[in-house]
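Enquirer: Just passing along the structure, written as structure tokens.
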Amino acid sequence: MSIVAYIAVMAVTTYLIRVIPFVAVRGKIRSPFLNSVLYYIPYAVLSAMTFPAIFFATGDFVSSAVGTLIALVTAYCNLPLIVVALAASSGAFLTSLIV
Amino acid sequence: MKQQFFKGVRHGVPIMLGYLSVSFGFGVLCIRQNLSILAAVGISVTNLTSAGQVAGVEIIAASGSLIEMILCQLVINLRYSLMSLSLSQKLAPSFTLMHRLFVGYGITDEIFAVASSRKEPLTPPYMYGLILTPFLGWSFGTLIGAIAGDIMPASVTAALSLMLYAMFIAIIIPPAKKNKKVLLVVLLAAALSVVIHYCLPMISGGFAVIIAALVSSVIGALFFPVSAEERGEAAS
């Protein structure tokens, strides 16, 4: 399949999701169940995308695991996104030099 | 009119700075998955979303089906429907159908958060300004990341490819610390995703994310429904 087809399908789907309610729907979603699902989805998506993929990210389990651990600890300390990202990457890089 | 536009541009600057680093990580990831620099930038320019793009690139790399792509984007980006819905109630009368069609493209978590916190009705020039700066940050960051991924040694890009996932962790952990319900859903989603990966390898990555995210969110909604006040605290 051509990369252009993938990107086009991806872009059109994402656009329609955003624009249809913007143009067509009026009023509010009242169902507490549906609202709760929509509240949880972003967190659940990010979590499911990160695990287990992060353990293969560098192509080597040990350096990925070290990076993951650093990310978890720095994120727990509420450090900014970019600090968490750079700390995790640096940790993984240094580990890959040693192991 | 002009004043509204530049106000939007100004309000978009902090978002742009955040997007620069996240999209840098995305650019590196694209090159690691054997996409071209042009494809990486093309995806960012046409999609303007982080999680959806990462999942999309994984589907492309695995030569997944277009149905998988559509379903995956639908589940991951469904929250934007809610944000558009909410913003549609705040639009100024000058928001014609044409303006809605253009501005709808630029609804992201962060742009939504800023726009929805405005007291006065949203005008088209303000929204164009608010979308323009983050859009430039997102596209430019992807370009730099992809170029960096292309010229830097594999050992460095391997480590850099952790950036994006580390940022995802940095987004999840603070709310999970504050709210036990979010923590449970996050742990459940991760556990399901790991179980699917190892026990049901015939399920591809895109579908694994869909199933893990939907099942954990539905279980969360059934057993720990979220009140309107709790939802009001979150940006989405």
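Enquirer: Could you tell me how many of the residues in segment B:98-124 are among the β-branched types (Val, Ile, Thr) and modelled with pLDDT under 95? Let's see the steps before the verdict.
Expert: Narrowing segment B:98-124 to residues among the β-branched types (Val, Ile, Thr): B:103, B:107-108, B:111, B:114, B:123.
With modelled with pLDDT under 95 added as a condition, the list becomes B:107-108, B:111, B:114.
Selection size over segment B:98-124: 4.
Enquirer: With hydrophobic (A, V, I, L, M, F, W, C), more than 27 Å from B:Ser216 (Cβ to Cβ) and crowded, with 16+ Cβ neighbours inside 10 Å as the only criterion, which of B:Met16, B:Met83 stands out?
Expert: Values: B:Met83 fails: more than 27 Å from B:Ser216 (Cβ to Cβ).
Matching residue, one of B:Met16, B:Met83: B:Met16.
Enquirer: Within segment B:141-173, how many residues are in a helix (DSSP H, G or I), of a type in the set (Ser, Thr, Tyr) and buried (at least 24 other Cβ atoms within 10 Å of the Cβ)? Break it down into steps so the answer makes sense when it comes.
Expert: Step one: of segment B:141-173, the residues in a helix (DSSP H, G or I) are B:141-151, B:154-160, B:162-173.
Filter once more, so that each one left must be of a type in the set (Ser, Thr, Tyr): B:142, B:155, B:157, B:165.
Retained after the next criterion (residues that are buried (at least 24 other Cβ atoms within 10 Å of the Cβ)): B:142, B:165.
Residues that pass the stated criteria total 2.
Enquirer: Then there's this: Condition first: at pLDDT below 90, among the small types (Gly, Ala, Ser) and in contact with a Gly (Cβ under 7 Å, 6 or more places away or on another chain). Now tell me which residues in segment B:125-158 satisfy that.
Expert: B:Ala158
Enquirer: Shifting gears a bit: Here is a list: B:Thr142, B:Thr157. Which entry is in contact (Cβ under 8 Å) with a residue 12 or more places away in the chain, assigned by TED's automatic domain parsing to the domain that holds B:Phe24 and within 16 Å of the chain's Cα centre (by Cα)? Spell out the reasoning first.
Expert: Details: B:Thr157 fails: within 16 Å of the chain's Cα centre (by Cα).
Exactly one of B:Thr142, B:Thr157 is in contact (Cβ under 8 Å) with a residue 12 or more places away in the chain, assigned by TED's automatic domain parsing to the domain that holds B:Phe24 and within 16 Å of the chain's Cα centre (by Cα), namely B:Thr142.
Enquirer: Out of B:Lys119, B:Lys90, B:Lys177, I need the residue that is among the basic types (Lys, Arg), facing chain A (nearest Cβ under 9 Å) and surrounded by fewer than 20 Cβ atoms within 10 Å (Cβ to Cβ). Which one? Please lay out each step first, then the result.
Expert: Values: B:Lys119 fails: facing chain A (nearest Cβ under 9 Å); B:Lys90 fails: facing chain A (nearest Cβ under 9 Å).
Exactly one of B:Lys119, B:Lys90, B:Lys177 is among the basic types (Lys, Arg), facing chain A (nearest Cβ under 9 Å) and surrounded by fewer than 20 Cβ atoms within 10 Å (Cβ to Cβ), namely B:Lys177.
Enquirer: In segment A:65-77, which residue that is at the interface with chain B (Cβ under 7 Å from one of its Cβ atoms) and either crowded, with 19+ Cβ neighbours inside 10 Å or at pLDDT below 95 (or both) is farthest from B:Ala170 (Cα to Cα)?
Expert: A:Gly67
Residue-wise test of (1) of a type in the set (S, T, N, Q); (2) over 30 Å from B:Ser155 (Cα atoms).
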| position | (1), (2) |
| --- | --- |
| B:Ser44 | yes, no |
| B:Ile60 | no, no |
| B:Val75 | no, yes |
| B:Tyr80 | no, yes |
| B:Met83 | no, yes |
| B:Thr96 | yes, yes |
| B:Ile107 | no, yes |
| B:Ser117 | yes, yes |
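Enquirer: Please work out if A:Ala11 is within 7 Å of chain B (Cβ to nearest Cβ) and either over 29 Å from B:Ala221 (Cβ atoms) or of a type in the set (A, V, I, L, M) (or both).
Expert: yes
The values are calculated or read from the model by the stated rules, or taken from the named source; none is laboratory data. Everything quoted here is computed from the prediction, not taken from an experiment. We place every Cβ from the backbone using ideal geometry, glycine too, and count neighbours over all the protein chains shown.
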